[in-house]
1. Go through Pro101, Pro107, Pro97, Pro69 for me and flag whichever is of a type outside the set (A, V, I, L, M) and touching a Phe, Trp or Tyr at 6+ places or on another chain (Cβ under 6 Å).
2. If we keep just the residues of region 175-186 that are in a loop (DSSP other than H, G, I, E, B) and small (Gly, Ala, Ser), which is surrounded by the most Cβ atoms within 10 Å (Cβ to Cβ)?
3. Among the residues of region 54-70, write down those that are within 18 Å of Tyr236 (Cβ to Cβ) and buried (at least 21 other Cβ atoms within 10 Å of the Cβ).
4. Among the numbered conditions (1) surrounded by 17 or more Cβ atoms within 10 Å (Cβ to Cβ); (2) modelled with pLDDT of 90 or more; (3) not hydrophobic (A, V, I, L, M, F, W, C), tell me where Pro172 comes up short.
5. When only residues in region 32-47 that are crowded, with 17+ Cβ neighbours inside 10 Å and not in a loop (DSSP other than H, G, I, E, B) count, which is nearest to the chain's Cα centre (by Cα)?
6. Only one residue in Val123, Val50 is farther than 26 Å from Pro174 by Cβ, in contact with a Phe, Trp or Tyr (Cβ under 9 Å, 6 or more places away or on another chain) and either crowded, with 17+ Cβ neighbours inside 10 Å or outside the structural domain of Gly168 (by TED's automatic domain parsing) (or both), so which one is that?
7. Only one of these conditions is not met by Asn117: (1) surrounded by fewer than 21 Cβ atoms within 10 Å (Cβ to Cβ); (2) touching a strand residue (DSSP E or B) at 6+ places or on another chain (Cβ under 6 Å). Which number is it?
8. Scan region 57-105 residue by residue and report those that are on the phi > 0 side of the Ramachandran plot and in contact with a Leu (Cβ under 9 Å, 6 or more places away or on another chain).
Amino acid sequence: MTQTGRHCALAVLLLGPLPALAGATLRIEILRGEGANNNAATRTATSPVVRVWDASGPLPDALVVFTAPETGASVVFSGSGGVGEAITDESGTAASPRVQPVGGNGPVSIRVMASKNKEFAQVVIHQMNLGLGENGARDAELNIVLLPVEESSGNARGLRFRVRVDDGRDRPVPGAAVAFSLRKTDRSGTAVELWRAQFVSDERGEAQCTVPRRPGGGRLEFEVRAALQGQAATRYFPVKQAPR
């Protein structure tokens, strides 16, 4: 099936009632966006972020389709209208294109379908539109970019992590609160927070942390949250384990 055909087939499923998918082995975990307010008056909106799992753990390279309501309170996805697509990364995570509230104030149900190798999973993310009027403004969100870290012999037992916060147009954002959370996930999908710290981005928009001791075993990832003046972003970065 062509990419266009695949997209249309998924769109048809998403626009109709949500059927039970018998025998489905995929599962969608909502990481961000459930219960969020999209407030045009304060230029804030929350783009959904999900993680896709199969029986062996987080699933990379799965297609995720986000579909907004066709009428009433809704959202549009930057560059793609009422239907946005994303591919999960190596941590099984996918974020929708940036959302903008449209169609009036009220509850918004965003349908999410994930697929890979003829397996499907689906969930609904519930949000609320506020502050829409004749001058309803476009949303504003931050962006978080992973930066390389030079390992040193003095830090061989620790774990350093470095990011840059920008405004989505590659312009650095200084003064943002940046929270780092190191988490370990077992095969059952249970995540345990091992370490947390918060810093402020510098004049280059950069922030970094150092975990005193590198944990061993399990799947490790950093959850990084950045926030400044009503704008926010969250990203998930898998931690590559050093060879033994």
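The values are calculated or read from the model by the stated rules, or taken from the named source; none is laboratory data. Small disclaimer: the values here were computed from a predicted structure and weren't measured. A quick note on method: Cβ atoms are made from the backbone with ideal geometry, for glycine too, and the neighbour counts reach across all protein chains shown.
1. Pro97
2. Top of the filtered list is Ala176.
3. Listed by number, the residues that qualify are Pro58, Leu59, Ala62, Val64, Phe66.
4. Result: Pro172 passes all but (1).
5. Ranking the qualifying residues of region 32-47, first place goes to Arg32.
6. Val50
7. In the conditions (1) surrounded by fewer than 21 Cβ atoms within 10 Å (Cβ to Cβ); (2) touching a strand residue (DSSP E or B) at 6+ places or on another chain (Cβ under 6 Å), Asn117 misses (2) alone.
8. Correct list: Gly92, Gly103, Gly104.
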